[in-house]
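Derivation of every value follows stated rules applied to the coordinates shown; laboratory data play no part. What you see is a predicted model; the values in this text were computed from it and never measured. Cβ coordinates were reconstructed from backbone atoms using ideal geometry, including for glycine residues, and neighbour counts include every protein chain displayed.
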Amino acid sequence: MHATPTVPSVPAEQSGSLHAKERVINDFSIQVATVNGSGSQTANNVLMRTIFQMGVPVSGKNLFPSNIAGLPTWFTIRASKEGYIGRKKEIDFFVAMNAETAQEDTLKLAPGSALVYDEPLKLNELRSDLHFYPVPFDKLVGPVCPEAKLRKLVKNMIYDGVVAQLLGLDLEEMRKALFKQFGTKKKKAAELNWGAVAAGKEYAEKNLTKTDPFRIEPMDRTGGKLIIEGNTAAALGCLFAGVTVLTWYPITPSSTLAEALISYLGRFRREAESGKGTYAVVQAEDELAAVGMAIGAGWAGARSMTCTSGPGVSLMSEFIGLAYYAEIPTVIIDVQRVGPSTGLPTRTMQGDIMSNALLSHGDSKHPVLFPSSPEECFTMAQECFDLAERFQTPVFMNMDLDLGMNNWMSDALPYPEQPIARGKVLTAEDLNRLGGFARYKDVDGDGVTYRTLPGTKHLQAAYFTRGTGHNEKAVYSEREDDWIQNMDRLTRKFETLRHSISPPLMREQPGAKIGLVSCGTSRWAMEESSDQLSREYGTETNWLRLRAYPFSDELAAFIERHERVYVIDQNRDAQLLGLMRLDLDPARVAKLRSVRYYGGMPLDARTVTDEIVMQEGL
Amino acid sequence: MSAAPAPPKKTNRIGLEVLNYRGGKTTLCAGCGHNSITERLIEAFWEMGVEPQQVAKMSGIGCSSKTPAYFLSQSHGFNAVHGRAPAVATGALLGNHQLRCVVVSGDGDTASIGLGQFMHMLRRNVPLIYIIENNGVYGLTKGQFSATADVGAKLKTGTVNELPPIDCCLAGIELGATLVARSFSGDKRQLSAILKASIAHNGLSVIDIVSPCVTFNDHEGSTKSYAYMKDHEEPLHDLDFVPGFSDIEVEIEEGESRVVELHDGSKLVLHKLEHDYDPTSKIHALEVLHESTRRNEVLTGIIYVDRGKPTLTEMLDVVDEPLATLAERRVRPSREVLEQINEEFR
């Protein structure tokens, strides 16, 4: 698979004709090109929310630079009546606000696309097969924004008004969306911006003639749903998991997770009478310290966590081996970005699947959860904390920038059904009853041993935690039999865990010979691609969505039922497939094929479909 | 020991014998300074009547880091990774701020691989006792120089150190430790008083203890040897420690002694030697340290005390109980809270 963008394929109804008779309703994508730091995020969110409030399923993808202000940024909104919320590769409706990229952006558009642009850019001179809508933004912004220094920010709201007119958006919903965006405290700013929306709408009404086929019409598919970023949902998952210690180091794209959590902890985890917190947060000096503190806190009995991205995970490697071998619970949320090295800090990748699962030297392996949606970020964050304490081991939640930092349409977050699981912790009363304990003795035969917390008031409570060789009683040992026995017990524990972690989800229909497998955000492209293969090529496929490592036995059974299985990876080296290879017998491995994308954009269905079509010779 | 009948067993203020504060048998070399420090720790915790179950013993990697296994066997211990004990100890205290935490580290741990963590622990004034068993060499890897080795110090192989040492006491004073002391593993009386003072202190105590490595750094040309310390130790004062729980009245001779009262009411009595030294002045502390280095002396004693600074756990303003064991109803917000949050995203 090539990382470079290919020429977008053109939907039949658009090609060749600038006056398409067939309308395209609630099934297209809008992209807005701006400069970062220009306040365009607000205008984009208002646009997306308006469509959402009209009952049409949407998704929003922000393609932003690793920079604070002045570089190009693109925001893509997809409206999909079918409810597909993955990225759509083709751009149908384009708003060019950035002079620097306008020419290249225009040349990339498929024939028949619509183009709203800043009039002085004269983009209509570049080609003739688009629907052109020139708008004199600078002339329009003056009258609605007397204060010159605010004009740069307010200008962007004008395109919301223009687009609203051209797509037939409900202005009342747009007004609601705008005021929600500004919040109750910034009414004056909201009114100023609303003036800009109205000016754009009025200009478009009087001066532009609609020629493109794209329309938004009200539906009823978003009732009760949320628009939320994965990082926010994950932070809420941690909040409701009962996190007590967060130690972290800032890194894109995970910082907003920590910041959201800190804000929620401040709102909801200070006790009414004393005003004191039921949590502690420390911004550490680096990722080593961040995970070291989380491990120390987990050892002391806290529900502890850190969040980071690939470079941080690399730094945490030694500590994670300690936590694995000394059997200390903690949660690491990895919001992946493009690597190796500093890579593309603001682009998305499933680059750390292998490193999460196998981090650290020697024999070490870790449970990894793969959320694909905000709901799963929320529920799986809770699962991570419970697994960490039940199995006394570091647990990874493997997210990515697309999931963490983009806007997703989501079901309402469900209140946890189960009580918090604290695992096998012996209290002083337990020790009185038992007369003592051996820290690493497999009493129950499941590989999971009992621990005590420091501060337990009992003569037999103490034990010595170490990353060096130890026997059942946690005493230093270099004996071969002690070492092997302990490593085998850790394997037994991992096998117990295999049957306690989120199982995969599948869609199967009889007769389909081809299987698709993915994890995390690849889900959206995979599910849509499966539909594309059926609709466009008459090829039926079944899919299985892995939600955790270690893999459930259902994966092997799924492969068994199919002739060929395509494993979808958002990385060059087929990391998910590689991990499966380690777990599966050779006969099953032989059935696996690889679909890979690693260009840093959220994976889209067309890319997956094209690759499978090529490999299948369809 | 004579064959006389056993004297009645001595117990401390919580009724425990010193035996309750002992640990496993040391595996370090006979004569290692670290073993003396272990003995002083056992005595200090016993004499102060600290409940062993309330103590967490933390360490990194190295000879020094093995020692928490040799004292307080009724306390939880954690031998973590090289140089990273500060983070693990900080985390443990976040999880349970009622723990009494003692970290034992070495000069490799603290001044090289873990220097960053050491510095940030200082900044945070993490309430724990941080001991540096400083012998100027890496013992477990057979005698390479560490970052506290003095200029001109010579290895057994003849290699001479040319880089300036990192002074952990200077760093401690400059960056926020609230009790800073230097001592010598062979100075039983002084070390004992300093350790007890650090147990009484509320805040971060940094104790840099010159602790000769008898195998790799106790020869002619070494600046961390028993012989070198005998010639170069320069005590700031004679120290007496009077615990807050004792009935002993402290009487001082005007102009001859100073009293520094600690958090729990204990008193440190500093008997004047050559000069009257006030350990509460930061500038003065830095000055005497620099001055002693210039004179090739090893200044020992309580160098700096700051009793007013809030600790990390105080600044975090957490509930009184350990976070580790809070009940579910205190850490999981209600159904109504989640509904309110959902509504904010609709």
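Below is a table of values for the structure above.
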quantity	calculated
Greater than 30 Å apart at Cα, pairs in A:Lys139/A:Lys210; A:Lys89/A:Lys187; A:Lys88/A:Lys149; A:Lys441/B:Lys66; B:Lys9/B:Lys188	A:Lys89/A:Lys187; A:Lys88/A:Lys149
Net charge, B:Tyr304 excluded, C-beta distance under 13 Å - Lys, Arg +1, Asp, Glu -1	-2
Using alpha-carbon coordinates, inclination of helix A:480-498 to the longest axis of chain A, degrees	40
Binned Cα-Cα distance frequencies in the range A:492-607 - 10 Å width, integer %	14, 47, 32, 6, 0
Fully extended contour minus Cα-Cα distance, from A:Lys186 to A:Ala69, at 0.36 nm per residue	39.8 nm
Given charges at Cβ of Lys, Arg, Asp, Glu: chain B dipole, positive-most of B:Asn135, B:Gly62, B:Gln190	B:Gly62
Square roots of five times the Cα gyration tensor eigenvalues for the range A:24-223, Å	22, 21, 17
Residue exposure sequence - A:Ser80, B:Ser75, A:Ser477 - by fewest surrounding Cβ within 10 Å	A:Ser477, A:Ser80, B:Ser75
Mean separation of Cα contacts under 8 Å (6+ apart) over length of chain B, as relative contact order %	15
Residues A:Thr427 and A:Glu554, FRET efficiency given R0 of 30 Å [Cβ-Cβ distance, rounded to 0.05]	0.20
Residues whose placed amide H lies under 5 Å from that of B:Ser257, excluding near-sequence neighbours	B:Lys272
FRET efficiency, A:Gln509 to B:Glu51 (Cβ-Cβ, R0 56 Å, nearest 0.05)	0.30
Cβ-placed point charges (K, R +1; D, E -1), dipole of the range A:383-462 about Cα centre in debye, nearest 20	660
Rough spin-label spacing in nm, given labels placed 7 Å along Cα→Cβ, for A:Glu478 and B:Arg330	4.5
Helix A:187-207 axis, angle to chain A major axis (alpha carbon atoms, nearest 10°)	40
Ranked A:Ser314, A:Ser410, A:Ser529, criterion: other C-beta atoms within 10 Å, fewest first	A:Ser314, A:Ser410, A:Ser529
Dipole of the range A:24-223, positive end: most advanced residue of A:Ala177, A:Gln103, A:Val141 [Cβ charges, Cα centre]	A:Ala177
Qualifying aspartates and glutamates (Cα of each under 15 Å from Cα of B:Lys224; at least 8 residues distant if same chain)	B:Asp107, B:Glu133, B:Asp150, B:Asp167, B:Asp187, B:Asp208, B:Glu233, B:Glu234, B:Glu297
A:Glu205, A:Glu478, B:Glu249 arranged by Cβ crowding within 10 Å, fewest neighbours leading	B:Glu249, A:Glu478, A:Glu205
For the range B:271-314 versus the range B:190-225, the gap between their alpha-carbon centres in whole angstrom	15
Electrostatic dipole magnitude of the protein assembly as shown [Cβ: Lys, Arg +1; Asp, Glu -1; Cα centre; debye, to 20]	1360
Degrees, to the nearest 10: A:605-616 long Cα axis against longest axis of chain A	70
Nearest-20 debye value, the range A:24-223 charge dipole, Cβ charges on Lys, Arg, Asp, Glu	720
Value of relative contact order over the range A:505-616, rounded to a whole percent, pairs C-alpha under 8 Å and six or more apart	31
Average Cα contact separation per residue, the range B:47-170, under 8 Å, 6 or more apart, as relative contact order %	21
Proximal lysines relative to A:Lys591, as straight alpha-carbon distance under 27 Å, when same-chain residues fewer than 8 apart are discounted	A:Lys365, A:Lys513
Residues of the range A:168-200 with amide N under 13 Å of the 7 Å Cα→Cβ point at A:Arg267	A:183-184
Alpha carbon Rg of the range B:1-128, scaled by the compact-globule rule 2.2 N^0.38 Å	1.14
Residue-span extension gain [A:Leu618 to A:Ala148] - 0.36 nm each, minus C-alpha spacing	163.4 nm
Gain on full stretching of the segment that runs from A:Val589 to A:Met487 - 0.36 nm per residue minus C-alpha separation	34.1 nm
Cut-off under 5 Å, modelled amide H: who pairs with B:Ile303 long-range	B:Val180, B:Ala181, B:Arg182
Of B:Thr110, B:His237, A:Gln575, farthest towards positive along the dipole that unit charges on Lys, Arg, Asp, Glu beta carbons give the protein assembly as shown	A:Gln575
Under 13 Å from the B:Ser246 label point (7 Å along Cα→beta-carbon), backbone N, the range B:273-292	none
FRET E, pair B:Glu162, A:Ser317, Förster distance 35 Å, beta-carbon r, rounded to 0.05	0.55
In nm, spacing of pseudo-spin labels at A:Lys276 and A:Ser341 (7 Å Cα→C-beta vector)	5.0
When each of A:Lys176/A:Lys225; B:Lys10/B:Lys230; A:Lys180/A:Lys201; A:Lys61/A:Lys155 is checked by Cα-Cα distance, pairs over 23 Å	B:Lys10/B:Lys230
